[in-house]
1. Suppose we filter segment 1-59 for residues that are over 20 Å from Leu82 (Cβ atoms) and not hydroxyl-bearing (Ser, Thr, Tyr); how many remain?
2. Taking Asn50 as the residue in question, decide whether it is surrounded by 16 or more Cβ atoms within 10 Å (Cβ to Cβ) and either on the phi < 0 side of the Ramachandran plot or not hydrophobic (A, V, I, L, M, F, W, C) (or both).
3. Looking at segment 17-26 only, could you name the residues that are touching a Leu at 6+ places or on another chain (Cβ under 8 Å) and over 19 Å from Met74 (Cβ atoms)?
4. Restricting attention to segment 83-136, and to residues there that are surrounded by 15 or more Cβ atoms within 10 Å (Cβ to Cβ) and among the small types (Gly, Ala, Ser), which single residue is nearest to Leu62 (Cα to Cα)?
5. Going through segment 1-27 one residue at a time, which ones are in a helix (DSSP H, G or I) and more than 17 Å from the chain's Cα centre (by Cα)?
6. With respect to the numbered conditions (1) surrounded by fewer than 16 Cβ atoms within 10 Å (Cβ to Cβ); (2) under 21 Å from Leu99 (Cα atoms), which one is the sole condition not fulfilled by Ser44?
7. Out of (1) surrounded by 14 or more Cβ atoms within 10 Å (Cβ to Cβ); (2) in contact with a His (Cβ under 8 Å, 6 or more places away or on another chain), what's the single condition that is false for Ser30?
Amino acid sequence: MQPTVTRLALLLFAAVGLVVGFWAAVLPMSFYSDFPGFRPGWVSADGPFNEHLVRDVGGMFLALGVLAVGAFVMRTNAVARLTGLAWLVFGVVHAAYHLLHLHVFEPVDQVINAVGLVGLVVLAAVVVFLPARTAQ
């Protein structure tokens, strides 16, 4: 059985993956210009628009979102940990890049980026390493 924190993390990963993925895959120019929506310009601040790259990133987020939905539905610790590991690998690479390039953002966006990106990495690590709950 999956611990409650794992279940909640899987729901968050599913939401992030599906929402961000759909946005980037289906509306790449909007994603480029407007992400994250409440403070536009996070993607566009880092270079010129590349539709291929944005749609590929959307597909990758969708795939991670689908994996998280599957892990949530299957309810097994092994699948949850594999999902957490996939998000951890992606999250470490993604966070490392952005943490080294925070200078392109305003100070408030630097903080939001750092907290959000590191938070997702920590949450993924929790899913990977949290002990399983025993059946009662």
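1. In the first step, residues of segment 1-59 are kept if they are over 20 Å from Leu82 (Cβ atoms); the result is 19-20, 22-58.
With the extra rule that they be not hydroxyl-bearing (Ser, Thr, Tyr), the set shrinks to 19-20, 22-29, 31, 34-43, 45-58.
Here the count works out to 35.
2. On the way: surrounded by 16 or more Cβ atoms within 10 Å (Cβ to Cβ): no; either on the phi < 0 side of the Ramachandran plot or not hydrophobic (A, V, I, L, M, F, W, C) (or both): yes.
No.
3. Just the residues of segment 17-26 that are touching a Leu at 6+ places or on another chain (Cβ under 8 Å), to begin with: 17-18, 21-22, 25.
Hits for segment 17-26 are Gly21, Phe22, Ala25.
4. Looking at residues that are surrounded by 15 or more Cβ atoms within 10 Å (Cβ to Cβ) and among the small types (Gly, Ala, Ser), I get Ala86.
5. If we filter segment 1-27 for residues that are in a helix (DSSP H, G or I), which is where we start, we get 4-26.
Thr4, Val26 - these are the residues of segment 1-27 that are in a helix (DSSP H, G or I) and more than 17 Å from the chain's Cα centre (by Cα).
6. Of the numbered conditions (1) surrounded by fewer than 16 Cβ atoms within 10 Å (Cβ to Cβ); (2) under 21 Å from Leu99 (Cα atoms), the odd one out for Ser44 is (1).
7. Answer for Ser30: the failing condition is (2).
Conditions (1) over 17 Å from the mean Cα position of the chain (by Cα); (2) not charged (D, E, K, R), marked per residue:
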position: Met74; (1), (2): yes, yes
position: Ala78; (1), (2): yes, yes
position: Arg81; (1), (2): no, no
position: Ala86; (1), (2): no, yes
position: Ala95; (1), (2): no, yes
position: Leu102; (1), (2): yes, yes
position: Val118; (1), (2): no, yes
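Values quoted throughout were computed directly from the atomic coordinates according to the rules given, and no laboratory measurement underlies them. Being a predicted model, the structure only gives us computed values, none of them experimental. Quick reminder, even Gly has a Cβ in these numbers, built from the backbone with ideal geometry, and neighbours come from all protein chains shown.
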